[in-house]
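S.K.: Handing you a structure now.
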Amino acid sequence: MFLRWAAERQPFKFDDDEQHFNATLAKLLKPRYVGSQGHAEVRDFIEKELKRLEFTTLQNDFQEGVNLTNLVGFWNMGARFFLMLTCHYDSKRPENGTTDEFLSATENAVSCAIILNVAKTLKQFLIDKWSEKNSFGLAFIFFDGHNPLSADPYDENQLMGARHFIDDEFIPLESMALAVTLSYIGAPNQSFLSYYEVTNDLHNMIADIELNLRKSGQLDDCHVLFEKKKHYDNDLLDDHILFDELDVPVLHVGPKEFPHVLYTAADNVENLQYPTIRNMIKIIRSFVHNFFQMWHSFIKLREISEIDYDFYDD
C-alpha cells in the first residue's frame, strides 16, 4: 500500500532536458574499449559532467594489467546509506582480425546518458530538498572493466570494475541500501521484469510509476516497459550480480533479452527506439524521487536498526 502511495505522489515538477540527453549520448557514442583513445575521452567526459552538475566526484582507480577507473558522483557524500544507480562505460574490444567499431549504444551508452540526464534533471529537487542532515544519499556509479580486456571471445575475466569497487569498500556494503543497474536499454519492444524477490515490491512500484505517468499524459506513445511479471533466476549478466551475491538488494533495469544488435556494428544511434528512452528517463527519475520519500520504510530490506527517520522535510 505504501509503495503504491509513493508511486502516485508527485509533489515536485521536473523539467525534461532532451537536448542534454542527446548531447550527452553523442559524447559517449564512440569505441571505448579499455586502452583506446575513446575510452579515455569518455571517462574524462563523464567526470567533467558530474562535476559540472555539482556532484562530489571521486575516482576509484585500480590496475588489472592496465590502469582502470570507476567514476562515482555523490550527492550528500556524508550520508549513512546510499541509493546507487550504476552502469558501465567501457565497450567491447573488437575481436582479432576484425575492423568493426562497436559504438555500444544499447550495451551501455544509453544507460550512462540516462543516468547523467537523471542527475541533471533531478538537480533542482536535490538542491531544494536534500540537506546534509539526511541519512540518505545518492551515488551515481560508472564502472570500468566490465568487458574482458582481450578480444578473445572466450575470455571470462569481466565485471572487474564492480569487483574492485566492492573489494576496496569504496562504499561499505552496510551502507548500500539499493543497487539499481541500468543496461542494454534502447532497443525496440523491450520488456523489463522483476528478477529478484527481495525487490519485487520496488519493481512493482516502478510499474505503477510508469502507469501513472502514462495516465497523466507525460509519456511518449509506446508499449509498456515495466511489466509486473517475475523472472527470477533468469537475469542477464551485469555488474549488479556481484552485489546480489553479497546480499545487497538489487534492481536490474535491463530487458529480459539481449538486444539483437548487441556487440555488432549495428548497435548505433540509428537503431535506437527513442520513445522508450525518453519514457525510461522519466520513470527512473520519478523512482529516485519517490524512493527518497519512502526511504525509512524501505530500509528494512537491509535489516538495519536505529535508523534516523528525520531525513525529509515536506
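Computed from the coordinates by the stated procedures, all read-outs in this text should not be read as laboratory data. As the structure is a prediction and not an experimental result, all values here were calculated from the model. Glycine also receives a Cβ, built like all others from the backbone with ideal geometry; neighbour counts cover every protein chain displayed.
S.K.: Could you tell me the relative contact order of the chain? Use alpha-carbon pairs under 8 Å, at least six residues apart, and round to a whole percent.
M.R.: Computed value for the chain: 23 percent relative contact order.
S.K.: Once you have a ≥ b ≥ c as the square roots of the Cα gyration tensor eigenvalues for segment 79-192, tell me rounded if a/c is under 1.5, and otherwise prolate or oblate according to whether a/b is larger than b/c.
M.R.: Cα axes put segment 79-192 in the oblate bin.
S.K.: To continue, here is another question. Any chance you could give the angle, 0 to 90 degrees and rounded to 10, that helix 274-293 forms with the longest Cα principal axis of the chain?
M.R.: 40 degrees
S.K.: Expressed as a rounded percentage, what relative contact order does segment 128-235 have, with Cα pairs under 8 Å and six or more residues apart? Before the final figure, lay out each step's value.
M.R.: On the way: 76 pairs, mean separation 23.3, N = 108.
After rounding, I find 22 percent.
S.K.: Right, next: Could you tell me which residue out of Y33, N290, T181 lies farthest along the dipole of the chain toward its positive end? Charges go on the beta carbon: Lys and Arg +1, Asp and Glu -1, centred on the Cα centre.
M.R.: N290
S.K.: Largest first, please: the extent of the C-alpha atoms of segment 11-153 along each principal axis, to the nearest Å.
M.R.: On the principal axes, segment 11-153 reaches 54, 32, 21 Å in Cα extent.
S.K.: Separate question: Based on the inverse mean of 1/r over its pairs of different Cα atoms, what is the Kirkwood hydrodynamic radius of segment 51-100, in Å?
M.R.: That comes to 13.9 Å for segment 51-100.
S.K.: To continue, here is another question. If neighbour count is taken as other Cβ atoms inside 10 Å, put D167, D235 in order from fewest to most. Display every interim value, and only then the final one.
M.R.: On the way: D167 10, D235 18.
Least to most surrounded, the residues fall as D167, D235.
S.K.: Once phi is turned into ³J(HN,Hα) by the Karplus curve 6.51 cos²θ - 1.76 cosθ + 1.60 with θ = phi - 60°, what whole-Hz value does each residue of segment 118-124 show in order, with x for glycine and proline?
M.R.: 4, 4, 5, 7, 8, 4, 5
S.K.: Let me ask something else about it. Treat every Asp and Glu Cβ in the chain as -1 and every Lys and Arg Cβ as +1, leave all other atoms uncharged, and give the resulting dipole magnitude about the Cα centre to the nearest 20 debye. The partial results should precede the final answer.
M.R.: Values: 29 positive and 50 negative charges, 213 e Å.
Roughly 1020 debye, rounded to the nearest 20.
S.K.: With springs only between Cα atoms under 10 Å apart, run a GNM on the chain and tell me which of D128, D144, D44 wobbles the most.
M.R.: Result for the chain, Cα springs under 10 Å: D128 fluctuates most.
S.K.: Calculate log10 I(q)/I(0) of segment 2-302 for q = 0.07, 0.09 Å⁻¹, where I(q) comes from the Debye formula with a single equal point scatterer on each Cα and nothing for solvent.
M.R.: -0.23, -0.39
S.K.: Quick one: 3J(HN,Hα) in Hz for segment 23-40, Karplus 6.51/-1.76/1.60 with θ = phi - 60°, rounded, Gly and Pro as x.
M.R.: Here the 3J(HN,Hα) series is 5, 5, 4, 4, 5, 8, 7, 7, x, 9, 5, 4, x, 7, 5, x, 4, 5 Hz.
S.K.: Sort all Cα-Cα distances of segment 244-295 into consecutive 5 angstrom bins from zero, then give the percent of pairs in each bin up to the one containing the longest distance.
M.R.: Result, from short to long distances: 4, 13, 15, 21, 18, 14, 10, 4, 1 percent.
S.K.: Based on the inverse mean of 1/r over its pairs of different Cα atoms, what is the Kirkwood hydrodynamic radius of segment 188-301, in Å?
M.R.: After inverting the mean inverse Cα-Cα distance, the result is 15.3 Å.
S.K.: A further question follows. Among the listed pairs K27/K282; K30/K282; K123/K230; K27/K215; K27/K229; K51/K282, give every one whose C-alpha distance is greater than 30 Å.
M.R.: K123/K230; K27/K215; K27/K229
S.K.: Quick one: which residues, 5+ away or cross-chain, put their amide H under 5 Å from the amide H of S191? H built at 1.01 Å from N.
M.R.: For S191, whose amide H was placed from the backbone, the distant partners under 5 Å are K256, E257.
S.K.: With everything on Cα atoms, drop me the angle between helix 200-215 and the longest principal axis of the chain, reported from 0 to 90° to the nearest 10.
M.R.: Roughly 80 degrees between the two axes.
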